[in-house]
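J.: One structure follows; several queries about it will come next.
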Amino acid sequence: MKKRYLIFPILLFFVAQPCFSQDRLPAWEYTNPSELIAISEEVPFQDALSILEEISVDVRDKIFINQTTYNGPIGINIPQMHWMDALNYITAHNNLYFTEYDRYIEILDSPTTTGALSTTGDADTAEILERINFQTREIEISATFFQGSRQLIRELGIDWTSLYNDKVRISSAGASYVSQEFFAAEVNFLDILNSGWDINALFNAFETTDNGEIIASPTIKVVDGEEGFIQVGQDFSIKQRDFAGNVTDQFFETGTILRVTPQVLVHEGNPYIYMTVAAERSTAQPDPVSTIINKTEANSEILLLSGESTVIAGLYETDVQKTRRGIPILKDLPGWFLGLRYLFGYESTSSSVQELVILIKATLVPTLEERLAAPMITNQELLQERRTQFEEELNDN
């Protein structure tokens with residue numbers, strides 16, 4: 001009798017096993033290993049979308065259009081699974097959803113999230129989301145921060161206001177005092193005087209002769225009507241007490257700072273860019289009583305066609321260096337040692353003035369609608385194009 005009780009659970013296990021197996025059938029019967037992905041919960045949402053978009057473009061030729069306002073971590077561990085399943089898990093976990101179209105996948109905030117946003121009092125964000133659509137323009141802002149010797153710039157007679165087609169003019173009278181080694185990189189010095197000097201080649205010439213350097217060359221994209229911000233420098237803090245007596249840090253920005261707000265306007269069917277520019281060069285000087293901020297500012301409003309450049313110049317900084325000169329060893333003796341340091345050495349102070357030049361270039365970026373309307377080249381088409389080009393080169397040889 002005891003044997004029967006033992007056999008019955010075993011039979012029940014084998015009968016129920018197929019049912020359990022059917023419940024665990026994967027959603028994808030076969031998965032290409034290149035379509036599998038695993039993501040940690042700490043990965044930012046934007047980075048996770050970029051990873052998934054690469055697979056989507058490679059497999060289905062579909063880009064991602066992210067219309068959400070979320071930019072935190074995905075908040076869920078994604079073990080190795082198909083990339084579409086991963087997209088489902090990530091969007092569902094963050095109260096988002098996506099819609100798949102013929103040529104792209106659009107990720108959106110859920111209706112509840114959008115409603116909550118409008119009631120939280122974040123009016124600025126809600127207003128931005130209302131006016132951004134597929135026809136919204138973006139402007140690519142390229143900035144080059146260059147710092148060069150003010151003395152050499154004056155000797156060359158460079159006129160920054162003469163910038164046209166990325167070329168600046170120099171006066172022949174000023175250039176005659178400069179060593180010809182400075183112009184060694186150019187083929188014809190007379191052409192430089194007549195037609196102007198390419199501004200990027202000019203910056204390189206300053207760097208080659210150790211008379212200047214390019215501090216940074218950032219590039220950003222700014223939505224029409226929004227502010228773009230570029231900073232090359234450091235933030236410093238000042239400790240303060242609030243009304244409750246708690247110590248807080250208030251941060252201030254210093255360095256080379258550029259704020260641009262471009263706006264696309266159209267005249268007789270031709271687009272142009274109206275842009276407000278605020279440039280700042282500042283340094284912080286700590287003091288026992290208060291911190292002093294040395295600041296030089298320039299504000300301007302400019303009009304540019306797409307691809308044109310403009311220059312902001314005249315921001316100066318004086319570099320003072322103190323060195324001790326004289327007979328080695330004797331000049332560095334302590335002052336109480338017979339006063340020999342004063343006989344065999346002296347303090348030397350040298351100063352040099354550096355001019356900061358900011359080159360700004362604005363270029364219109366095609367809208368999302370224009371990018372979707374343009375023909376997309378798949379990886380297979382690109383590979384075939386390269387093969388055809390290679391075969392033509394072989395035949396020519």
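The values are calculated or read from the model by the stated rules, or taken from the named source; none is laboratory data. Only a predicted model underlies this, so the values are computations on that prediction, with no experimental measurement involved. Here the Cβ is made from the backbone with ideal geometry for all residues, glycine too, and neighbour counts use every protein chain on show. Accessible surface areas use protein heavy atoms only, side chains included; no ligands, DNA or RNA. Shrake-Rupley method; radii C 1.70, N 1.55, O 1.52, S 1.80 Å.
J.: Where does the range 272-333 land on Rg/Rh, using Cα atoms and the Kirkwood Rh?
T.: Here the Rg-to-Rh quotient is 1.30.
J.: Using amide H atoms built 1.01 Å from N in the peptide plane, name the residues 5+ places from ILE293, or on other chains, whose amide H lies under 5 Å from its own.
T.: Hits under the 5 Å cutoff: GLN285.
J.: Shifting gears a bit: In the full protein assembly as shown, how much of ILE65 is accessible to a 1.4 Å probe, in Å² to the nearest 10?
T.: 10
J.: Take the residue pairs LYS295/LYS331; LYS322/LYS361; LYS239/LYS295; LYS239/LYS331 and return only those whose Cα atoms are more than 32 Å apart.
T.: Over 32 Å apart, Cα to Cα: LYS295/LYS331; LYS322/LYS361; LYS239/LYS331.
J.: Rolling a 1.4 angstrom probe over the protein chains, ignoring ligands and nucleic acids, what is the accessible area of ILE230 in square angstrom, nearest 10?
T.: The accessible area of ILE230 comes to roughly 10 Å².
J.: Okay, next question. I need two numbers for the range 224-274: Rg to one decimal and Dmax as a whole number, Cα atoms only, in Å.
T.: Calculated on Cα positions, Rg and Dmax stand at 19.1, 60 Å.
J.: If you roll a 1.4 angstrom probe over the protein chains with everything in place, what fraction of the accessible area of the range 243-293 belongs to carbon and sulfur, to the nearest %?
T.: Within the range 243-293, the accessible surface is 54 percent carbon and sulfur.
J.: Along Cα→Cβ, 7 Å out, is where each label goes; now give me the distance between the ones at SER162 and VAL289 in nm to one decimal.
T.: Rounded to a tenth, the inter-label distance reads 4.8 nm.
J.: Could you give each residue of the range 142-156 its phi-based ³J(HN,Hα) in whole Hz, using Karplus coefficients 6.51, -1.76, 1.60 with θ = phi - 60°, and x for Gly or Pro?
T.: Along the range 142-156, the couplings run 10, 10, 10, 9, 10, 10, x, 5, 5, 4, 5, 4, 6, 4, 6 Hz.
J.: Using a Förster radius of 25 Å, what is the FRET efficiency between VAL223 and GLU385 based on their Cβ-Cβ separation? Nearest 0.05, please.
T.: Efficiency, from the Cβ-Cβ distance: 0.15.
J.: I need the shape label for the range 212-324. Rule: rounded when a/c is under 1.5, else prolate if a/b > b/c, else oblate, with a, b, c from the alpha carbon gyration tensor.
T.: Judged from the Cα gyration tensor, the range 212-324 comes out oblate (a/c at least 1.5, b/c at or above a/b).
J.: Using the Karplus curve 6.51 cos²θ - 1.76 cosθ + 1.60 with θ = phi - 60°, work out ³J(HN,Hα) for each residue of the range 69-81 in order, rounded to whole Hz, and write x for Gly and Pro.
T.: My calculation for the range 69-81 gives 9, 7, 9, x, x, 5, x, 8, 6, 10, x, 4, 7 Hz in order.
J.: With every protein chain in place, what's the accessible area of THR99 (1.4 Å probe, Å², nearest 10)?
T.: Spelled out: THR99, probe radius 1.4 Å, area about 40 Å².
J.: What ranking of TRP336, TRP160, TRP83 comes out by heavy-atom accessible area, probe 1.4 Å, highest first?
T.: Highest to lowest solvent-accessible surface, that is TRP336, TRP160, TRP83.
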